[in-house]
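Down below is the structure, laid out as structure tokens.
What follows draws every value from the coordinates through simple rules; no lab data is involved. Predicted, not measured: the structure shown is a model, and the values here were computed from it. Note that we place each Cβ from the backbone using ideal geometry, even for glycine, and neighbour counts take in every protein chain shown.
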Amino acid sequence: MKTNKNQLRRVLDSKPVSYIFALGVFVLFAILIVSRQLRPFQLSAIEPYWGNIQSGFLNTIWVSFIALVGSLVLGFIFYLLTQSKLKFFKAFTDVFTEIIYGTPLLVMIMIMAFVVGPALGTFNRTATGTLGLIIYITPYMTNIFKSTFGSISEEQYMAMDLFGFSGYQRYRYIIIPQVVRMLMPPLMNNFSLIIKGSALLNVITYRELFYEITQMTNNNFRFVEGFLLMWGLYLIITIPLSQFTKYIDRRYGL
Amino acid sequence: MKIELKNVSHTYDVEVLHQLNLVLEKYNAVALLGVSGSGKSTLIRLMAGLEKPTSGEIFVNDYDVIHDEDYKKHVGFVFQSHNLFPHLTLKRNISLILEKTRGFSLEQANQIAEDNLKLLKLDDQMDKIPKNVSGGQAQRASIARALSLNPDIIFLDEPTASLDPILTDEVLKAIEELRELGKDFVLVTHVISFVKDFANYVVFMENGHIIEQGTPKILDAPKTNELKAFMKKVR
Ligand SMILES: Nc1ncnc2c1ncn2[C@@H]1O[C@H](COP(=O)(O)OP(=O)(O)O)[C@@H](O)[C@H]1O
Ligand SMILES: [Mg+2]
């Protein structure tokens, strides 16, 4: 009898069961919130807009991917500048970083699309707004380059030198493989940051997920269904991404 | 082995080694002693050719350490923290060097790596990366790495400083057994009993100066106040 009780307790207190319970709390909360709405919950009301929502979803992923690649490249260039012997370049990246850290993403997108873009003669707000997102993420990318390259110790370089590796061999076999492994988790965290940030591109009428769903709710007033669906769709990308990040870190972390 | 230092000084932000002179012949296991910060690591790195002194000359076994690039191929170095490449298995940590810088085929390189890892009793650990083995095993792998390159001299800079007493014993035993290989050793360590067993010459440093030197007997009958104070501290 007693062992049975202990066994039950062990199962209930185990990690998977605890996570199922925790998840249950949030599902219950969602059901409660839905059930307290004045209008009955009707997912079918969304159906006519499904095509738009799908394309919005894909546009979110697409623009986030562009921003990921763009900020990665720009972040790497800025990292190289911080390593320069010329003090101006380091000062330049420091000032840039401070400005970005002090700026809300929404403001950055507006400034790029409505102020900087027109001044440079372009009214393509999708391009300039996306550039705003890229620029906003760049210092975070520069930081992860700094910390990954910085974590290869002085002694490792001494060892490479002692063993007689050529410059190419050092990068090919020792530096790059370590950097790639260490870079992946923070890079994917930044990707998540970008996906969430991309929702703000709706202000420049870029037809991503947030934009498409608010368009729908403005037409059919299905706010509950629309916003819950939107929320779910963001989580469908971001949660697996963060789980995958953790897995990568466990499996390949150094 | 032969070691000769001529007016060796070294400066980082300030001068940390001051005009060192030393002539050693016929000893095959030399220990550098001194409190932390006295310049032992700096000196052993200079002797191994990992860094170049600000001024002075260094000769080891008739190699001009500072100018002869070939010298490094005859040197093994074991760092305080194992300093294995963290993304490579213990075996690959060794075979990569043999394959890419010593002209061995991959098969030969793997064979040599395995032989040396076995010599240090790491038979069942060689396909793991450093973070998945104990500190003592990683340090032994690092010794195996140094050995695999078939050096004339093996330099060890506090190889046990980051290990607990049990792992320290494990690593020191491994080093002890290497004596039979007929290599020369220069090592920094704080384990005095090991110095007495293992070394046949001792160089005691303080504040970047060589204060006292001789056979390990000087540890039992120190002449200078500095060494007397040091021996009290380590005991
Ligand atoms: N890479 C370095 N850059 C600047 N100072 C250093 C460096 N390495 C050692 N030092 C300084 O040189 C002195 C001697 O250090 P070290 O040779 O490491 O002594 P030990 O190995 O005896 O503890 C210390 O004051 C230390 O702070
Ligand atoms: Mg030291």
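Ranked highest first by the average count of other Cβ atoms within 10 Å around their residues, in what order do B:198-207, B:87-96 fall?
Descending mean neighbour count gives B:87-96, B:198-207.
Go through B:LYS26/B:LYS217; B:LYS52/B:LYS233; B:LYS6/B:LYS183; B:LYS52/B:LYS73; B:LYS52/B:LYS121 and tell me which ones have a Cα-Cα distance over 26 Å in this structure. Present the calculation step by step, with values, prior to reporting the outcome.
Values: B:LYS26/B:LYS217 17 Å; B:LYS52/B:LYS233 32 Å; B:LYS6/B:LYS183 24 Å; B:LYS52/B:LYS73 16 Å; B:LYS52/B:LYS121 35 Å.
Beyond 26 Å: B:LYS52/B:LYS233; B:LYS52/B:LYS121.
Semi-axes of the equivalent ellipsoid of chain B: what are they in whole Å, largest first, if each equals the square root of 5 times a C-alpha gyration tensor eigenvalue?
30, 21, 15
Using a 10 Å cut-off around each Cβ of peptide A:158-168, what is the average number of partner chain Cβ atoms that fall inside?
That average works out to 6.
Quick one: net charge of B:VAL203's neighbours, Cβ under 12 Å, K/R +1, D/E -1? Can you show the working numbers first?
Values: positive: B:LYS40; negative: B:GLU206, B:GLU212.
Local charge sum for B:VAL203: -1.
At most 11 other C-beta atoms within 10 Å and a DSSP loop state: those are the exposed trypsin sites (Lys or Arg not before Pro) I care about. Give me the longest piece of chain A that has none. Intermediate values should be presented prior to the final figure.
Details: sites that count: A:ARG36, A:LYS85.
Within chain A, the longest run free of exposed trypsin sites (Lys or Arg not before Pro) spans A:86-254.
Please report, in debye to the nearest 20, how large the charge dipole of chain A is about its Cα centre when each Lys and Arg carries +1 at its beta carbon and each Asp and Glu carries -1 there. Walk me through the intermediate numbers first.
On the way: 21 positive and 11 negative charges, 162 e Å.
Dipole size: approximately 780 debye.
Compute the FRET efficiency between B:ASP64 and B:LYS217 as 1/(1 + (r/R0)^6), taking r as their Cβ-Cβ distance and R0 = 35 Å, and round to the nearest 0.05.
With a Förster radius of 35 Å, E is 0.60.
Along the charge dipole of chain A, pointing to its positive end and built from +1/-1 on Cβ of Lys, Arg, Asp and Glu, which listed residue (A:ILE237, A:LEU105, A:ALA30) has its Cα farthest out?
A:ALA30
Filter the chymotrypsin sites (Phe, Trp or Tyr not before Pro) in region A:113-179 down to the DSSP loop ones having no more than 14 other Cβ atoms within 10 Å, then list what survives. Spell out each step's value before the answer.
Details: sites: A:PHE114, A:PHE123, A:TYR136, A:TYR140, A:PHE145, A:PHE149, A:TYR157, A:PHE163, A:PHE165, A:TYR168, A:TYR171, A:TYR173; in loops: A:PHE123, A:PHE165.
Passing both the DSSP loop test and the Cβ count: A:PHE123.
If you take every DSSP beta bridge whose two residues both sit in chain B, what share of them, in percent to the nearest 5, is antiparallel?
Expressed as a percentage, antiparallel bridges in chain B total about 50.
Of the beta bridges DSSP finds with both residues in the protein assembly as shown, what % are antiparallel, to the nearest 5?
Numbers: 18 of 35 bridges.
Antiparallel: roughly 50 percent of the beta bridges in the protein assembly as shown.
When the scattering of the protein assembly as shown is computed by the Debye formula from its Cα atoms alone, each counted once and equally, what is log10 I(q)/I(0) at q = 0.07, 0.13 Å⁻¹?
Here log10 of I(q) over I(0) equals -0.60, -1.17.
For region B:2-61, state which trypsin sites (Lys or Arg not before Pro) are in a DSSP loop and have at most 11 other beta carbons lying within 10 Å of their beta carbon.
B:LYS26
Over all residues in B:86-98, what is the mean tally of Cβ atoms on other chains that come within 10 Å of each residue's Cβ?
On the way: counts 11, 12, 4, 0, 0, 0, 1, 1, 0, 0, 5, 8, 1.
Mean shielding by partner chains, rounded to a whole number: 3.
How large is the dipole of region A:152-252 about the Cα centre if only Lys and Arg carry +1 and Asp and Glu carry -1, each at its Cβ, rounded to the nearest 20 debye?
Around 200 debye, computed over region A:152-252.
Enumerate by residue number the chymotrypsin sites (Phe, Trp or Tyr not before Pro) in region A:7-99 meeting two conditions: DSSP loop (anything except H, G, I, E, B), and at most 15 other Cβ atoms within 10 Å of the site's Cβ.
In loop regions of region A:7-99 (DSSP not H, G, I, E or B), the sparsely surrounded chymotrypsin sites (Phe, Trp or Tyr not before Pro) are A:PHE41.
To the nearest whole number, what is the average tally of beta carbon atoms from other chains within 10 Å of the beta carbons of peptide B:99-106?
Going residue by residue through B:99-106 and averaging, the value is 2.
Let me have the 222 nm mean residue ellipticity of chain B computed from DSSP H runs of 4+ only, each contributing -39500 (n - 2.57), with the sum over all residues rounded to the nearest 500.
-10500 deg cm²/dmol
Which distance in nm do the two modelled labels at A:LYS196 and B:GLU57 give, with both placed 7 Å along the Cα-to-Cβ direction?
6.5 nm
Hey, rough spin-label estimate for B:LEU22 and B:SER36, points 7 angstrom out along Cα→Cβ, what's it come to in nanometres?
Output for this residue pair reads 2.1 nm.
Please report the spacing between the Cα centers of region A:198-248 and region B:176-201 in Å, no decimals.
66 Å
Excluding residues fewer than 8 places away in the same chain, name every one of the lysines whose C-alpha is closer than 22 Å to that of A:LYS87.
A:LYS146
Under the rule a/c < 1.5 gives rounded, and otherwise a/b versus b/c splits prolate from oblate, where does chain A land using the Cα gyration tensor?
In terms of gyration-tensor shape, oblate.
Considering just Cα atoms, how many Å³ per residue does the convex hull of region A:1-120 enclose?
Working: hull volume 34.3 nm³, N = 120.
Looking at region A:1-120, the number lands at 285 Å³ per residue.
Provide A:MET182, A:MET158 in ascending order of the number of other Cβ atoms located within 10 Å of each residue's Cβ, fewest first.
A:MET158, A:MET182
Among B:SER36, B:VAL234, A:LEU120, whose Cα projects farthest towards the positive end of the dipole of the protein assembly as shown, with charges put on the beta-carbon of Lys, Arg (+1) and Asp, Glu (-1)?
The listed residue farthest towards the positive side: A:LEU120.
For A:LYS5, give me every one of the lysines with a C-alpha distance below 27 angstrom, ignoring sequence neighbours fewer than eight places off in its own chain.
Of all the lysines, those that pass the test against A:LYS5 - Cα under 27 Å, at least 8 places apart if same chain - are A:LYS15.
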